[in-house]
Structures are given as C-alpha cells and as structure tokens.
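Only one structure is covered here, and it is reproduced in the block below.
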Ligand SMILES: C[S@@+](CC[C@H](N)C(=O)[O-])C[C@H]1O[C@@H](n2cnc3c(N)ncnc32)[C@H](O)[C@@H]1O
C-alpha cells in the first residue's frame with residue numbers, strides 16, 4: 001500500500017476490484033475488495049477465527065449490532081446474513097472501506113463514520129478485529145469510546161493475535177471494569193468475550 005496504512009482516511013492505493021470468497025459454517029460469502037483496505041486479498045485469518053469460533057447471532061436476534069472497524073465488510077456481512085432482524089452498524093474511518101462495505105452488504109447494514117452513529121444507539125453485540133496497529137493509546141481510546149455503548153446485557157466479541165498483545169489487552173479490559181473471558185484460542189488468535197462486569201464500574205449505554 002505504498003506507505004499508507006489500512007486505516008488511512010482516503011487511500012490512494014489502486015482501486016482494482018477483486019472478489020474475496022470465504023465460507024463460515026458451510027455458508028459461502030463473496031465480497032468485493034480493492035487495494036487500500038485491510039486484508040484486501042483474502043479474509044484475514046484473525047477475522048476467520050472470530051467468525052468460526054464466536055457464537056454468531058441468529059434469526060431471533062434483534063436490536064443493534066456493531067462491526068467496529070469494518071474494513072470491506074466481512075464481519076458485518078456475516079452478522080447481517082445470520083441476523084436479518086437486527087440492524088448492523090458497520091463503522092470505519094477509511095472512506096474506501098465504507099464504500100466497499102456498503103456495496104457488500106444488504107439493507108440491514110448501515111455503514112458509517114464513527115461520528116455518524118447516533119449517540120442514542122446502544123449495541124447488543126459489538127464484533128471487532130480491532131486495529132491494533134494504530135497504537136496502544138489509540139486502541140484503548142477506541143475501545144473506551146464503543147464498549148460503554150454495550151447494552152447492560154450486551155457482549156463484545158474481539159479477536160486479537162497473541163503476539164500483538166492479546167493478553168495485556170485482556171488485563172487492561174478487566175482494569176477498566178469489564179469481564180473479559182478467553183472464549184477461544186486458535187492459530188495464535190485469542191477470542192475475548194467482553195461484558196460489563198456487573199459491579200457498575202464500566203459505563204453503560206442507556207438506550208438500545
Ligand atoms: C484489523 S482491520 C479489520 C477490518 C475488517 N473488519 C476485517 O476483518 O477485514 C481494523 C479496521 O479498523 C479501522 N479503524 C482504524 N481506526 C479506527 C477508528 N478509530 N474507528 C473505527 N475504525 C477504525 C481500520 O481502517 C480497519 O479497517
């Protein structure tokens with residue numbers, strides 16, 4: 001990407017379109033990607049582990065779900081396909097990623113820049129392969145912006161590579177007043193199930 005980061009707001013990298021094909025629980029997905037977005041050539045291995053190992057929402061799921069750092073939209077696409085009655089917000093800072101995510105998903109997905117998500121929306125589920133490479137302070141700020149917007153019984157599912165600081169992130173989440181359990185550990189990736197700890201130390205979104 002010629003010195004650009006995948007979280008560049010307006011990437012200059014090539015826009016040649018190609019298809020990313022992957023399967024989750026026997027369901028095949030075909031998404032369009034271009035240069036200038038995260039893991040454009042294939043489904044990221046961490047995202048694959050997240051989608052295979054964390055319990056996906058289903059036809060009974062309602063309310064708002066968040067794909068935090070959606071890229072070209074693979075997580076939002078799978079969530080929306082499995083939970084057609086829910087509304088999925090797909091949020092990113094990369095404009096090209098948002099355009100691709102919009103093209104790749106259906107009517108129950110709303111693509112948005114972070115500031116475009118209405119303050120009143122709370123999330124029953126947050127799903128994220130978070131942008132570790134933005135740096136620790138920025139990552140912490142990102143999580144402290146969105147995790148408080150979990151509804152009181154809401155859950156966040158995060159995938160983090162062990163060699164990119166998964167265990168220290170887990171400890172930090174607990175220090176912030178969340179329960180952060182290791183739900184799965186596969187191919188060097190940790191899947192964390194994150195919830196409000198229930199003792200009131202983590203902030204709570206009031207609306208859903
Ligand atoms: C590790 S990538 C995951 C992309 C996609 N979910 C996937 O699985 O292929 C993290 C994404 O977070 C986005 N990102 C970086 N900073 C962000 C921020 N402050 N708010 C929202 N998204 C951000 C990046 O642009 C990138 O698309």
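The values are calculated or read from the model by the stated rules, or taken from the named source; none is laboratory data. Just so we're clear, the structure is a prediction, and the values are computed from it rather than from any experiment. Note that we place each Cβ from the backbone using ideal geometry, even for glycine, and neighbour counts take in every protein chain shown.
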(message) If I ask for residues that are within 13 Å of the ligand (Cβ to nearest atom) and farther than 19 Å from residue 64 by Cα, which ones from segment 137-165 would you list?
(response) 137, 138, 139, 140, 141, 159, 160, 161, 164
(request) Any chance you could count how many residues in segment 90-111 are in contact with a helix residue (DSSP H, G or I) (Cβ under 8 Å, 6 or more places away or on another chain) and more than 10 Å from the ligand (Cβ to nearest atom)? (result) 6
(request) Would you check if there is a residue in segment 1-16 being modelled with pLDDT of 95 or more and either part of a loop (DSSP other than H, G, I, E, B) or away from the ligand (no atom under 14 Å from the Cβ) (or both)? (result) no
(message) Checking residue 31 against (1) surrounded by fewer than 19 Cβ atoms within 10 Å (Cβ to Cβ); (2) over 15 Å from the mean Cα position of the chain (by Cα); (3) over 20 Å from residue 133 (Cβ atoms); (4) modelled with pLDDT of 95 or more, only one condition comes out false. Which one?
(response) (1)
(request) Hey, can you tell me all the residues within segment 122-135 that are more than 13 Å from the ligand (Cβ to nearest atom) and closer than 20 Å to residue 188 by Cα? (result) none
(message) Any residue at all in segment 30-50 that's without any contact (Cβ under 8 Å) to a residue 60 or more places away in the chain, farther than 19 Å from residue 95 by Cα and assigned to a strand (DSSP E or B)?
(response) yes
(request) Please specify each residue of segment 74-89 satisfying the condition of being within 13 Å of the ligand (Cβ to nearest atom) and in a strand (DSSP E or B). (result) 88, 89
(request) Please state which of the following conditions residue 71 fails to meet, knowing it meets all the rest: (1) over 15 Å from the mean Cα position of the chain (by Cα); (2) near the ligand (Cβ under 10 Å from one of its atoms); (3) in a loop (DSSP other than H, G, I, E, B). (result) (1)
(message) Consider segment 47-68. How many of its residues are over 11 Å from the mean Cα position of the chain (by Cα) and closer than 14 Å to residue 158 by Cα?
(response) 7
